[in-house]
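To start, the structure itself, in structure tokens.
Coordinate-derived values only; no laboratory data. Here the structure is a predicted model, which means the values were calculated and not measured. Note that each Cβ is placed from the backbone with ideal geometry, even for glycine, and that neighbours are counted across all protein chains shown.
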Amino acid sequence: MTEQKQPETQAQSAASKRVIMALLPLIIFASLAGVFAYQLLSGKDASTIPSALIGKQAPETELPPLEGLVRDGVQLPGITSADFKGQLTLLNVWASWCAPCRQEHPVFMELAKDKRIKIVGLNYKDQPENARRFLGDLGNPYAAVGTDQAGRSTINWGVYGVPETFLIGPDGAILYKHVGPVTPKAVVEEILPLVEKHASS
């Protein structure tokens with residue numbers, strides 16, 4: 001009798017595992033939905049998703065320049081870790097195919113007038129000619145543009161998608177992360193207070 005029940009128990013165990021594996025994506029989705037619902041209901045801005053990098057040194061970064069992107073006849077440089085030292089730096093992750101990037105671009109054109117901040121652009125999984133056309137049409141607020149066509153560097157930065165923006169302090173530590181298009185409200189209420197605080201320190 002015992003020998004007959006053992007295969008049945010194994011079959012039940014296998015069936016249970018299949019059910020759990022089938023439900024796992026639903027459980028994960030429900031958990032994430034719960035987090036976002038909490039953010040919305042608590043009145044917190046969902047664009048300021050907490051990042052494990054806040055307060056830590058910016059990841060080692062070495063990105064080639066966007067070929068053919070020139071200013072005053074000189075090729076604009078790519079991005080290196082040295083860009084994140086000695087001055088407040090705003091790193092904007094963008095792409096020409098990203099509609100919200102087009103939406104936020106005038107905000108960066110305006111911010112570029114603030115000499116306390118250096119703005120650098122990380123061009124994500126883009127075609128060089130399309131990226132150059134984007135900046136040619138809308139203007140170029142960046143002091144440097146690095147290209148990440150494979151998307152490897154953005155993994156180190158914990159980027160979920162484009163656009164995303166980071167404010168890095170003069171000591172190279174990440175002060176702030178913004179997910180989604182940067183708005184004038186975000187500049188006034190979140191970015192500029194940090195600039196005021198750290199530019200004078």
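Annotation for the stretch 97-190: trypsin sites (Lys or Arg not before Pro) lying in DSSP loop with at most 14 further Cβ atoms inside 10 Å of their Cβ are LYS113, LYS115, ARG116, LYS125. Here is the list for the stretch 49-128: GluC sites (Glu not before Pro) lying in DSSP coil, each with at most 10 other C-beta atoms within 10 angstrom of its C-beta, are GLU60. Using the Karplus relation 6.51 cos²θ - 1.76 cosθ + 1.60 with θ = phi - 60°, the per-residue 3J(HN,Hα) values for the stretch 156-166 come to 4, 7, x, 7, 8, x, 10, x, 9, 9, 10 Hz, with x marking Gly and Pro.
Taking amide H positions as modeled 1.01 Å from N, with prolines and chain starts lacking one, the residues under 5 Å from VAL70 and 5 or more places away or on another chain are LEU76.
Between VAL188 and ARG18, the FRET efficiency from the beta-carbon distance, with R0 = 35 Å, is close to 0.10. What the phi angles of the stretch 53-64 give under the Karplus curve with 6.51, -1.76 and 1.60, with θ = phi - 60°, is a coupling list of 8, 4, x, 9, 5, 4, x, 4, 9, 8, 10, x Hz, glycine and proline written as x.
In this label model, ALA99 and LEU138 are separated by 1.3 nm, measuring between points 7 Å along each Cα→Cβ vector. Run through the stretch 68-137 and list the chymotrypsin sites (Phe, Trp or Tyr not before Pro) located in a DSSP loop whose Cβ has at most 16 other Cβ atoms within 10 Å. Taking the stretch 68-137 and a limit of 16 other Cβ atoms within 10 Å, the loop chymotrypsin sites (Phe, Trp or Tyr not before Pro) found are TRP97.
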